[in-house]
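Shown next, in structure tokens, is the structure this report addresses.
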Amino acid sequence: MNDRTAVIAEVRRRTLAPIWGCKKALEASGWDVEQACRSIAKTLHDSRGGRNGNSHDSHGMVGLYSHAFGRIGVLVEVACESGFVSRSLDFVKLVNAVAAHVAWANPQSLERGAAGLGEVCLLDQPEMKETQGQRTIGELVAELSHKTGEEIRIVSFARFEVGRPPSCCRANVPAL
């Protein structure tokens with residue numbers, strides 16, 4: 001396999017775009033992988049008609065996590081603006097990291113404004129699995145949002161533990 005084929009395969013792996021689209025974006029970017037990926041993301045975003053975060057058709061993923069031999073279970077919903085981003089490896093990793101974090105840390109609220117005295121909100125907690133506490137969950141979400149050029153946000157989560165009532169939190173913001 002020659003170098004250009006490997007580069008096309010890398011862009012395809014990252015974006016899930018058709019091979020011809022990857023090749024076209026790479027040619028336009030001078031074979032720069034990062035620029036080609038951003039170009040594909042922008043093209044797909046623009047093809048949605050330039051709709052912004054007020055659009056009612058949102059995309060995203062529901063992440064599932066089971067911990068401690070099935071004694072703790074978590075559902076987390078993370079929204080984004082396009083199916084392209086929701087299928088990306090970085091987005092899937094983020095959703096899985098958030099679900100594992102909710103199982104581990106048991107946050108009591110999603111946003112700062114919803115937290116009462118003594119409660120810790122999910123977005124302010126340091127993420128331990130991927131970054132060993134170097135960044136908060138909110139920073140991870142903001143970083144991926146910046147990287148993709150789309151609004152990404154945690155919509156809701158629910159944590160279930162055997163013998164305890166479930167803890168559920170939902171954001172008070174409109175759909176993407």
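Meeting the requirement of 3 or more residues that are among the β-branched types (V, I, T), at pLDDT 85 or above and at negative phi, the helices (runs of 4 or more DSSP H) wholly within the range 1-102 are 3-15. Against the condition buried (at least 19 other Cβ atoms within 10 Å of the Cβ) and either under 19 Å from T136 (Cβ atoms) or of a type in the set (K, R) (or both), how does A105 come out, does it pass? For A105, the condition - buried (at least 19 other Cβ atoms within 10 Å of the Cβ) and either under 19 Å from T136 (Cβ atoms) or of a type in the set (K, R) (or both) - is not met. Among the residues of the range 117-130, none qualifies, meaning not one is loosely packed, with under 13 Cβ neighbours inside 10 Å, modelled with pLDDT of 85 or more and at negative phi.
Within the range 134-174, the residues that satisfy the criterion of being in a helix (DSSP H, G or I), closer than 19 Å to C121 by Cα and of a type in the set (G, A, S) are G138, A142. Considering the range 9-26, and only residues there that are of a type in the set (G, A, S) and either under 14 Å from K42 (Cβ atoms) or loosely packed, with under 13 Cβ neighbours inside 10 Å (or both), the residue that is nearest to the chain's Cα centre (by Cα) turns out to be A17.
The values are calculated or read from the model by the stated rules, or taken from the named source; none is laboratory data. Note that the structure is predicted; figures quoted are calculated from it, not measured. Reconstructed Cβ throughout: ideal geometry from the backbone, glycine too, with neighbour counts over all protein chains shown.
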